[in-house]
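Data block below; observations after.
The values are calculated or read from the model by the stated rules, or taken from the named source; none is laboratory data. Source: prediction; values computed, not measured. Here the Cβ positions follow ideal geometry from the backbone for every residue, glycine too, while neighbour counts run over all protein chains shown. What goes into the accessible areas is simple: the full protein's heavy atoms, side chains included, and nothing from ligands, DNA or RNA. Shrake-Rupley method; radii C 1.70, N 1.55, O 1.52, S 1.80 Å.
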Amino acid sequence: MDVLCSGFGLVESPRWHDGRLWFSDWTGGRIVTVDDAGVTEVVVEHQSLPMCFDFLPDGRLVLVSNAERALLTLEDDGTLAPYADLTPLSSYGCNDIVVDGRGHAFVNSPDFDFMLGPPAGDVQPGVVGVVTPDREVRVAAQDLAFPNGMAITADGETLVVADSYRHHLVAFTVATDGSLSERRVWADLARPDGDDHNPDGICLDAEGAAWYADVPHQVCVRVAEGGEVLDTVDLDRGGFACMLGGRSGAPALYVVAAVWPGAAQLMTHTEWEGQVQRTPVDVAGAGWPGR
């Protein structure tokens, strides 16, 4: 892996947009861009943990603000404006976001106190919500153990969600109004030795495969629908999320990675050593995020 830039905190939410990689520095309270020469620019400053983001069809950046329990948009004058109230989805705040070509913003939440650990029982509280283009907010899917990264196929018809605690990539059929149905396991990431993988941020490629980042195992893995492992990239620290991008004809996998201390030390940990790492790949990205 080539280190494209470094010196950040807990990094997340990479997006390839407008010829650059955009990503969040959660602990630094900023959204940063980096070009393929490693030149960085801070484009948003906002304190929120988490702080994932994507782009609306009109090009505006839209971010999940847990400080305000809302979606906020970055306007032309550099200010953040209210877009949608997320309190109907969870009282614990929301996590990742992906916006499809129709303007539906899918937002998820584990819907429990992370510091207290996951709730017991077979049915879990995690949800995926949808914010429609007219800003209606509703729950679209339930019973996720810890919903994390999300991606939408190039035809706009399938949403894939990383369910970290169940070790699955879960798929839903997306209706034209943003409703989700036909839930199924897209890929089971259980391992024969019991060391099951925990998918975090994900992206899709032009051959219909998914890349997922795994924090505790310090890898990014490419899998086909059904779970066949197609490729593995080893990391030197936790992989929080990944994104396909790069110049035309030279696709690359970008990984935001940081030193993970474990949940028990999360509140006191400061030496994240967050980086953006990059490696060439054969297959370009497809779908959303990334358009």
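Results, tabulated for the structure shown:
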read-out	value
The lone exception for ILE97 - which of (1) open to solvent by less than 10 Å² (accessible area, probe 1.4 Å); (2) of a type outside the set (Lys, Arg); (3) touching a His at 6+ places or on another chain (Cβ under 8 Å) it fails	(3)
Hits in the stretch 1-42 (condition: within 21 Å of GLU271 (Cβ to Cβ) and either of a type in the set (Phe, Trp, Tyr) or assigned to a loop (DSSP other than H, G, I, E, B) (or both))	MET1, PHE8, GLY9, LEU10, PHE23, TRP26, THR27, GLY28, GLY29
Some residue of the stretch 181-188 being under 27 Å from ARG102 (Cβ atoms), among the polar types (S, T, N, Q) and assigned to a strand (DSSP E or B)	yes
Residue count, the stretch 54-70 (criterion: under 19 Å from the mean Cα position of the chain (by Cα) and either of a type in the set (D, E, K, R) or over 17 Å from ARG102 (Cα atoms) (or both))	9
Residue among GLY208, GLY178 that alone is open to solvent by 20 Å² or more (accessible area, probe 1.4 Å) and either modelled with pLDDT under 95 or over 15 Å from the mean Cα position of the chain (by Cα) (or both)	GLY208
Matching residues, the stretch 118-139, being under 15 Å from ASP163 (Cα atoms) and in contact (Cβ under 8 Å) with a residue 12 or more places away in the chain	PRO118, VAL123, GLN124, PRO125, GLY126, VAL127, VAL128, GLY129
The stretch 126-175: number of residues that are crowded, with 21+ Cβ neighbours inside 10 Å and among the polar types (S, T, N, Q)	3
